[in-house]
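See structure below.
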Amino acid sequence: MMKKTKHNFWLDETIFMVFLISSITGFVLWRIIPHELGIAFLGFPRRVWITFHICSGIVSLVGVVLHVAWHWNWLKSLRGRPLSGMSEKLRANRIVDRVMWITYIAANVSGALAWALHFGDDIYVVTVPDRLHVVVGRALTFLVTVHLALHWKWIVSTTQRYIQVSS
C-alpha cells in the first residue's frame, strides 16, 4: 500500500504534467496558430491542438479536485485562522493558494464558455470568454510558478525519495 505522501507526490506530478500540456497547447493556440481551423502546426491541425488542450484541462480538473479532497482536513484547519496569526511562509502559501484557486476556477469557467460558444463552428471568432481565458490562463501560469517556488524544498526532497536516478 502506498503511503499518503507518495500518493500526493504522484498526484502532484500528474497535475503538473497535464498543466504543462495545457499551458503549451494553450500557448500554441493563442500565439502560434492563427484563428483558422484549417491551419496545422507540427503536423497537427488546430482541432487536434484544441482537443489536447481541452482533454488536459479536464484531467487537470479531476486531479485538482482530488488534490483538494486529499488536503481537505488541512484546509479546514486553516479556515478560521486569521492570516496575521500565521507564519510568514504559511501566510504566503495561503494567499497564493487562494488567489490561484480563484484563478483556476475562472480559467475553467471561461474555457468551458469559450468552447461552448465555438462548438461546431468552422470559422473561429475571438469572443470575450476567449480573451478572459487567455488572461486568467496567463495569471494561473504565473501563480502556479510561485506556488511551485514556495514548495520547492518539498518538491526536491520528495522527488529524490520517490524517483531513483541511476548513475
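The values are calculated or read from the model by the stated rules, or taken from the named source; none is laboratory data. As the structure is a prediction and not an experimental result, all values here were calculated from the model. All Cβ positions, even for glycine, are placed from backbone atoms using ideal geometry, and neighbour counts span all protein chains on display.
With the requirement that a residue be touching a helix residue (DSSP H, G or I) at 6+ places or on another chain (Cβ under 9 Å) and surrounded by 14 or more Cβ atoms within 10 Å (Cβ to Cβ), what does segment 40-49 give you?
If we filter segment 40-49 for residues that are touching a helix residue (DSSP H, G or I) at 6+ places or on another chain (Cβ under 9 Å), which is where we start, we get 40-42, 44, 46, 49.
Listed by number, the residues that qualify are Phe41, Phe44, Arg46, Trp49.
Residues checked against (1) under 22 Å from Ala139 (Cβ atoms); (2) surrounded by 18 or more Cβ atoms within 10 Å (Cβ to Cβ):
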residue	(1), (2)
Trp10	no, no
Thr14	no, no
Met17	yes, no
Ile21	yes, no
Ile24	yes, no
Trp30	yes, no
Thr51	no, no
Ser60	yes, yes
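Is it fair to say Val99 is surrounded by 14 or more Cβ atoms within 10 Å (Cβ to Cβ), aliphatic (A, V, I, L, M), within 28 Å of Arg131 (Cα to Cα) and at pLDDT 90 or above?
Considered against the rule, which asks whether it is surrounded by 14 or more Cβ atoms within 10 Å (Cβ to Cβ), aliphatic (A, V, I, L, M), within 28 Å of Arg131 (Cα to Cα) and at pLDDT 90 or above, Val99 comes out as yes.
Determine whether Arg91 is more than 30 Å from Val126 (Cα to Cα) and either touching a Cys at 6+ places or on another chain (Cβ under 8 Å) or surrounded by 14 or more Cβ atoms within 10 Å (Cβ to Cβ) (or both). Quick ask: steps written out before the conclusion?
Details: more than 30 Å from Val126 (Cα to Cα): yes; either touching a Cys at 6+ places or on another chain (Cβ under 8 Å) or surrounded by 14 or more Cβ atoms within 10 Å (Cβ to Cβ) (or both): yes.
The answer is yes for Arg91.
Based on this model, can you work out whether Arg81 counts as assigned to a loop (DSSP other than H, G, I, E, B) and surrounded by 10 or more Cβ atoms within 10 Å (Cβ to Cβ)? Give the steps one after another, and end with the answer.
Details: assigned to a loop (DSSP other than H, G, I, E, B): yes; surrounded by 10 or more Cβ atoms within 10 Å (Cβ to Cβ): yes.
So Arg81 fits the description; yes.
In segment 108-123, what count of residues is obtained for those that are modelled with pLDDT of 70 or more and either over 20 Å from the mean Cα position of the chain (by Cα) or among the hydrophobic types (A, V, I, L, M, F, W, C) (or both)? I'd like the intermediate steps shown before the answer.
As a first pass, look at segment 108-123 and keep what is modelled with pLDDT of 70 or more: 108-119.
Then keep just the ones that are either over 20 Å from the mean Cα position of the chain (by Cα) or among the hydrophobic types (A, V, I, L, M, F, W, C) (or both); that gives 109, 112-119.
Summing the residues that are modelled with pLDDT of 70 or more and either over 20 Å from the mean Cα position of the chain (by Cα) or among the hydrophobic types (A, V, I, L, M, F, W, C) (or both) in segment 108-123 gives 9.
Of the conditions (1) modelled with pLDDT under 85; (2) assigned to a helix (DSSP H, G or I), Pro34 satisfies every one except a single condition; which number is it?
Tallying (1) modelled with pLDDT under 85; (2) assigned to a helix (DSSP H, G or I), Pro34 fails exactly one: (2).
Does segment 67-74 contain any residue that is part of a helix (DSSP H, G or I), touching a residue at least 60 places away in the same chain (Cβ under 8 Å), over 27 Å from Glu36 (Cβ atoms) and among the aromatic types (Phe, Trp, Tyr)?
Yes.
Specify the residue that is farthest from Val134 (Cα to Cα); the eligible residues are those in segment 62-74 that are β-branched (Val, Ile, Thr) and exposed (fewer than 15 other Cβ atoms within 10 Å of the Cβ).
Applying the filter and picking the extreme gives Val68.
Would you say Arg47 is without any contact (Cβ under 8 Å) to a residue 12 or more places away in the chain, more than 30 Å from Ala149 (Cβ to Cβ) and in a helix (DSSP H, G or I)?
In short, yes.
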